[in-house]
1. Per-residue HN-Hα couplings for segment 18-25, Karplus 6.51 cos²θ - 1.76 cosθ + 1.60 at θ = phi - 60°, whole Hz, x for Gly and Pro?
2. Need the full-extension length gain, Arg38 to Met12, defined as separation in residues times 0.36 nm minus the C-alpha distance. One decimal, nm.
Amino acid sequence: MTLTLRPIGAAMSGLATRSLAAFERRRTLRRISRLSDRRLHDIGLERDWDGSILANEILGNGRAI
């Protein structure tokens with residue numbers, strides 16, 4: 001039985017891709033959370049009473065991002 005490293009490499013590549021996507025999402029959310037309410041409104045977002053960022057009706061029917 002021969003050991004092939006292809007499945008291990010694919011798993012590591014998938015893990016790296018997911019980690020990078022999670023990092024990018026956190027970085028983007030951190031940058032967006034620092035924007036003023038007016039800037040958020042300009043790009044189609046709004047801040048809820050608890051500080052969470054919501055997409056307005058054009059982007060996502062008021063769903064949190």
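Bear in mind that the values in this text are calculations on the coordinates, not laboratory data. What you see is a predicted model, and the numbers here were worked out from it, not measured in a lab.
1. With the stated coefficients, segment 18-25 comes to 5, 5, 5, 5, 5, 4, 4, 5 Hz.
2. Values: separation 26, 0.36 × 26 = 9.36 nm, distance 4.18 nm.
Extending this stretch completely gives an extra 5.2 nm.
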